[in-house]
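The values are calculated or read from the model by the stated rules, or taken from the named source; none is laboratory data. All figures in this text were calculated on a predicted structure; none of them were measured in a lab. Here Cβ is always computed from backbone atoms with ideal geometry, including for glycine, and neighbour counts include all displayed protein chains.
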Amino acid sequence: MVALAVACLALYAFVRLFSSRAAPSLAEAPLQTGAEFDAPLWLFGTKSSESWLLPREPARKRVVVVDFSDPYAGSGDKERDWLVDNAAFLLAETLWMRTDAPATAAVIVSLPLKKIISPHDALAPWENLSGLTGSFKEPAVVAWGAANRDVAREGLTMKVRVSDETDERSFTAPYAELEKTLIDWLVGRGLCGRTDPPAWYAPPKPAQLPLWAIVHHNLQLQTLADAKNGVLAPLDADFQDDLVDYALDAVEQLEGAGEQVKLAAIACAVYARRAGALKEERRTKILEIVAGLSAPDLVRLSPRFYHALGEPARADAVRTDGDAYRASSTEAYRAWLREIRDA
């Protein structure tokens, strides 16, 4: 499997995490594979820009958040289901924004079936994660869990453990409190430090979090179906267009959210273009969003977006004439600029 040229998509064997009703047959079980997303989803396609945009404290252990199991999926509350289904991505995003530790979201896929496998069992024991933890080259913090029926009242239950230790902690809380509880535990253990989010980042209002979760779900599909990965079957052109349309709507509808929502729409359009499915009217709207990015760090990202959207001259104009380039003296950024030309 070819890793993404941007933030890393890694693959590993996964062991016995799912029930027979959620997984393919036992004969296919060894071919279930985990996919790790080592940056916020809306930075995929930006050639590992997190190295300079969101630098991490080098000594920190990676925090791996595994897809939450949902024994009550399909019970009638679609917004609840979207939130649970994408909780790993949302938690990893919060860790990137509010701590100095690198964070990973991990999901399970079936390579033979080319589909994402959503777990529906109760909370798995640590031993069932051996396919994941056995792939670690160095110790990491692992968070995994399961949703309760009423996530607003009963919350989600999460366990946390450092991979080379034997003790683990368990927390149960509504999603918003779970974020805080996880960070408090990590800080208390000396596993990360608190940071303020970038000025350009703000989460959407709590009531709209399920809509932001859907954006993550859509980007996950596009990333895994991208030709460089081939984990999922290619998405058809009409579906790609629907995903871009939804992402554009999210820019307008997610009240109080920061500019990361715009980055998500841009990333969605970039993947659609790579699949040959980006309509010109959508590309025009996305280029307007790129031109309207205001935070200096996001302006520094724009050359990559222009290249990926077929506007190399505009990318060169930002590189050579723009204040964003002159204002950045970091070698990490300048090295990144030299690598962004290919689509």
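Data for the structure
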{"read-out": "Test result for ALA101, part of a loop (DSSP other than H, G, I, E, B), modelled with pLDDT of 95 or more and surrounded by 22 or more Cβ atoms within 10 Å (Cβ to Cβ)", "value": "yes"}
{"read-out": "All positions within the range 56-82 that are more than 21 Å from ALA39 (Cβ to Cβ) and surrounded by fewer than 23 Cβ atoms within 10 Å (Cβ to Cβ)", "value": "PRO71, TYR72, ALA73, GLY74, SER75, GLY76, ASP77, LYS78, GLU79, ARG80, ASP81, TRP82"}
{"read-out": "The one condition in (1) in a helix (DSSP H, G or I); (2) touching a strand residue (DSSP E or B) at 6+ places or on another chain (Cβ under 6 Å); (3) crowded, with 22+ Cβ neighbours inside 10 Å that THR181 fails to fulfil", "value": "(3)"}
{"read-out": "Checking GLY131 against (1) assigned to a loop (DSSP other than H, G, I, E, B); (2) more than 30 Å from TYR333 (Cβ to Cβ); (3) modelled with pLDDT under 95, the condition it does not meet", "value": "(1)"}
{"read-out": "Residues satisfying the stated conditions in the range 306-321, i.e. out of contact with any Pro (no Cβ under 6 Å at 6 or more places or on another chain), part of a helix (DSSP H, G or I) and without any contact (Cβ under 8 Å) to a residue 40 or more places away in the chain", "value": "TYR306, HIS307, PRO312, ALA313, ARG314, ASP316, ALA317, THR320, ASP321"}
{"read-out": "Residue that is modelled with pLDDT under 95, among the aliphatic types (A, V, I, L, M) and either at negative phi or not in a helix (DSSP H, G or I) (or both), where the choices are ALA332, ALA267", "value": "ALA332"}
{"read-out": "The listed residue being modelled with pLDDT of 95 or more and farther than 27 Å from ALA147 by Cα, out of ARG62, ARG56", "value": "ARG56"}
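Results for (1) crowded, with 17+ Cβ neighbours inside 10 Å; (2) touching a strand residue (DSSP E or B) at 6+ places or on another chain (Cβ under 7 Å); (3) not β-branched (Val, Ile, Thr), shown as yes or no for each residue.
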position	(1), (2), (3)
PRO204	yes, no, yes
ALA233	no, no, yes
LEU248	yes, no, yes
ILE289	yes, no, no
